[in-house]
Amino acid sequence: LIRSGSVAEAFKIIGKIFAFRSNIFFGDTSEVMNSMFHSVIAVFMLLIADITKEYFYEGNPVFEKAGWIAKSVFYAMLITVIIFFGVFDGGQFIYFQY
Amino acid sequence: MQNDPVHNIFNRLKSHLLFKLAVALVFLICLDFLFGSTIKNFYFRQTSGPEFVTTYSIEKTKADFLILGSSRADHHYHPGVIEDKLKISCHNAGRDGFDIFYHYAILKASLSRYKPEIVILDLNTEDFRKLKDSYDRLSALLPYYKDHPEIREIVDLKSRIERIKMLSRIYPFNSTLSYIILGNTEYNRKRRNEINGYVPFKKYIKNARDQDPVYRNRK
C-alpha cells in the first residue's frame, strides 16, 4: 500500500484483498512470481522454526556438542544462505498488476 | 605428539577468537566460491524469462532495430511486425518495471559489441523522477558486472560499497533462485511465449474503452 501511487489506488488494492470471487493470486509476471516464491520460502521457514520451538525444543544437544570447526562450517553456510536469499534493498518489488 | 611445537601452537591458537573467525572466514570464502560458481552456471543457461532476455540483450543480440523500455515496451512492440515492415532484424530488450538506468546499461553493453541502426527508447514520466527504487533495481545487472566493464559505472550508482559487495560470488545472484529454476524449464518457455524479447499479454480487458485513458479524457 505504501507503494501505491494514490489514495484511490490504495483503496482499490484493499478492495481486491477482500474480493472472494477471483482466483488465488500467484502473479502473472516473473517478478511477482519471484516475490511470491521467496515469501513462501520465508513463511515456511518461520513456521518450521515456530513449530520446533513450540513442541520439540529442549536445547540443541547436537549443535552444543559439536566442535568449533563444525560450528564454523554451520555459520559459514548460514551467511551464504543469507547472502543468497536475503533482501538488502528494494530491488525485489511487487509490480502492481491490479 | 603432545610435545610437537606445531601441535602446541595450533592448540594455543584454536582457543583464540580471531583464529576461529579466520577459519570461519575461509569456510565462507570456499562456500561462496562453490555455490556462486554453480548458481552462475545455471543462471547463464536459462532459455526463457526476463533474466534470459537481459543476458541475450547484453551479450548476444546483433539486431539492427533495438527496443528499450519498461513493461510498455516489453508488451507492446512486436519485433515480428517491425521485421516484416522494415526488412531488418529486431529485438525487444524491454523489461517490466525497469527504468532509464537499466535501459542505458543495455544500450552501453550493446554499443560495445555492435552498432544498431535504430534504437527506440520508450520512456515513462517516472523515468524523469529520482527514485530510490530505480537505483535498487540495478541489482538485476549485478550478474554482468564482472564480465562487462562498460556497465560498471551505472551499477556502482546503486551504492558506494557495491564494489566491495561484488567480491562475493553469490551476491550478484541474490534472490534469483525462482528465475533460475523457471528459466531453465520448458514450461516457462511455453508459458511466456517470447517473440524476440516481446511478451504478449493474452487477456480480455473488461470495459476496455472505459479503462483507456485517451478515450476517458476525450469524454
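Numbers for the structure displayed
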| item | result |
| --- | --- |
| Per-residue average of Cβ from other chains inside 10 Å of B:133-143 | 3 |
| Rounded if a/c under 1.5, otherwise prolate or oblate - region B:107-189, Cα gyration tensor axes | rounded |
| Cα-based reach from B:LYS87 at 26 Å (exclusive), listing lysines while leaving out same-chain residues under 8 positions away | B:LYS60, B:LYS62, B:LYS108, B:LYS115 |
| Label point 7 Å beyond Cα of B:ASN193 along Cβ direction - residues of region B:42-67 with amide nitrogen under 20 Å | B:47-53 |
| Within region B:52-150: Cβ-based charge dipole about Cα centre, in debye rounded to nearest 20 (Lys, Arg +1; Asp, Glu -1) | 200 debye |
| Check: chain B dipole with +1 on Lys, Arg Cβ and -1 on Asp, Glu Cβ, in debye | 400 debye |
| Partners for A:LYS12 among lysines (Cα-Cα distance below 17 Å; same-chain residues under 8 apart left out) | B:LYS206 |
| Per-residue Cβ neighbour rank within 10 angstrom, fewest leading, B:THR125, A:THR80, A:THR52, B:THR61 | B:THR125, A:THR52, A:THR80, B:THR61 |
| Kyte-Doolittle mean at least -1.0, axial Cα span of 18 Å or more - DSSP H helices of chain B | B:17-43 |
| Highest average packing first - B:181-190, B:95-104, Cβ atoms within 10 Å | B:95-104, B:181-190 |
| Residue exposure sequence - A:VAL73, A:VAL7, B:VAL81 - by fewest surrounding Cβ within 10 Å | A:VAL7, B:VAL81, A:VAL73 |
| Alpha carbon Rg of region B:1-160, scaled by the compact-globule rule 2.2 N^0.38 Å | 1.54 |
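Every number here is computed from the coordinates shown, using simple stated rules; none is lab data. The model shown is predicted, which means the values in this text are computed figures rather than measured ones. Virtual Cβ from ideal backbone geometry, glycine too; neighbours counted across all protein chains shown.
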